[in-house]
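One structure is given below, encoded as structure tokens.
The values are calculated or read from the model by the stated rules, or taken from the named source; none is laboratory data. What you see is a predicted model; the values in this text were computed from it and never measured. Cβ placement follows ideal geometry from the backbone for every residue including glycine, while neighbour counts extend to all protein chains displayed.
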């Protein structure tokens, strides 16, 4: 019988940092100009968390039925490990997408109806990452879509539903959050290069190879640093509170530089902490700067 803890394990990886960080950054950007609407920020958080949970369950289902997770070295997968049926995991994914859609509809109804299209595309992107007959995650496009949807769309969408406009600070923050979200995926795919090769999953890491994938990780962390400077220069020096992300990011980079296989798992966790520190630092700094 599948336990509650096992279901949580199936939804948990990268969910909290990747879901909370863009909402924090987007709300901070809105608040700096006096445009924060806190109930909308809360609904944006519901959308973000639900989409992340849905993505995790959808990936679990699609990779599991394809057999990609047969020799997995990462955290527990429900379908691949056999602790839950594919149908049950698929239902969980669509339940999470339904929660995201419901909260998103409220935001669209009170902001702009074209946001319904953005939400629908986001759900489709979440499903077809590993779902469908030609999942783009198997074609090396995962990082591009993570940057777009969990960076640009998540941060700028959060800012827009509150302020109904976008600013340079919002764009910089979106690029920084997107870069760190991509770095998590890069570390994950670096770990899985051997098993993905066997499964025919041609991720960007498989296409680049081991050494260039490690270099890409470092580039993404540096890109996040540059964009943080951009936020500070366009708003307030208090935005430099986001530099707290450098400590866990530096530790993660040290792991990425030399570790392989299961030993890369701490890099994923540390990069998640770095993304959360980036978003929280920007949120706090922009709030203080606005005051």
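Values for this structure:
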item	result
Test: residue in the stretch 53-68 that is surrounded by fewer than 16 Cβ atoms within 10 Å (Cβ to Cβ), part of a helix (DSSP H, G or I) and either in contact with a helix residue (DSSP H, G or I) (Cβ under 6 Å, 6 or more places away or on another chain) or at pLDDT 95 or above (or both)	no
Some residue of the stretch 127-149 being closer than 19 Å to residue 242 by Cβ and part of a helix (DSSP H, G or I)	yes
Residue in the stretch 205-217 that is modelled with pLDDT of 90 or more, buried (at least 23 other Cβ atoms within 10 Å of the Cβ) and not in a helix (DSSP H, G or I) present	no
Single unsatisfied condition, residue 231 versus (1) under 18 Å from the mean Cα position of the chain (by Cα); (2) under 21 Å from residue 156 (Cα atoms); (3) in contact (Cβ under 8 Å) with a residue 60 or more places away in the chain	(1)
Unmet requirement for residue 112, which otherwise passes all of (1) closer than 30 Å to residue 207 by Cβ; (2) surrounded by fewer than 23 Cβ atoms within 10 Å (Cβ to Cβ)	(1)
Among the candidates 141, 95, 124, residue that is out of contact with any helix residue (DSSP H, G or I) (no Cβ under 9 Å at 6 or more places or on another chain) and surrounded by fewer than 21 Cβ atoms within 10 Å (Cβ to Cβ)	124
Meets criteria (surrounded by fewer than 17 Cβ atoms within 10 Å (Cβ to Cβ) and assigned to a helix (DSSP H, G or I)) for residue 226	yes
Subset of the stretch 242-259 (residues that are over 21 Å from the mean Cα position of the chain (by Cα) and either part of a helix (DSSP H, G or I) or within 13 Å of residue 220 (Cβ to Cβ) (or both))	254, 257, 258
Candidates 103, 44, filtered to the one that is modelled with pLDDT of 95 or more, crowded, with 23+ Cβ neighbours inside 10 Å and either in contact with a helix residue (DSSP H, G or I) (Cβ under 6 Å, 6 or more places away or on another chain) or farther than 30 Å from residue 234 by Cα (or both)	44
Matching helices (runs of 4 or more DSSP H) fully within the stretch 153-203 where at least 1 residues are closer than 18 Å to residue 38 by Cβ and modelled with pLDDT of 95 or more	154-163, 168-191
Leading residue by the ranking (nearest to residue 269 (Cα to Cα)) among those in the stretch 161-185 that are without any contact (Cβ under 8 Å) to a residue 60 or more places away in the chain and crowded, with 23+ Cβ neighbours inside 10 Å	185
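Per-residue answers, yes or no, for (1) under 29 Å from residue 140 (Cα atoms); (2) modelled with pLDDT of 95 or more; (3) crowded, with 22+ Cβ neighbours inside 10 Å; (4) out of contact with any strand residue (DSSP E or B) (no Cβ under 6 Å at 6 or more places or on another chain):
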| position | (1), (2), (3), (4) |
| --- | --- |
| 220 | yes, yes, yes, yes |
| 231 | no, yes, yes, yes |
| 238 | no, yes, no, yes |
| 250 | yes, yes, no, yes |
| 260 | yes, no, no, yes |
| 263 | yes, no, no, yes |
| 275 | yes, yes, yes, yes |
| 278 | yes, yes, yes, yes |
| 285 | no, yes, yes, yes |
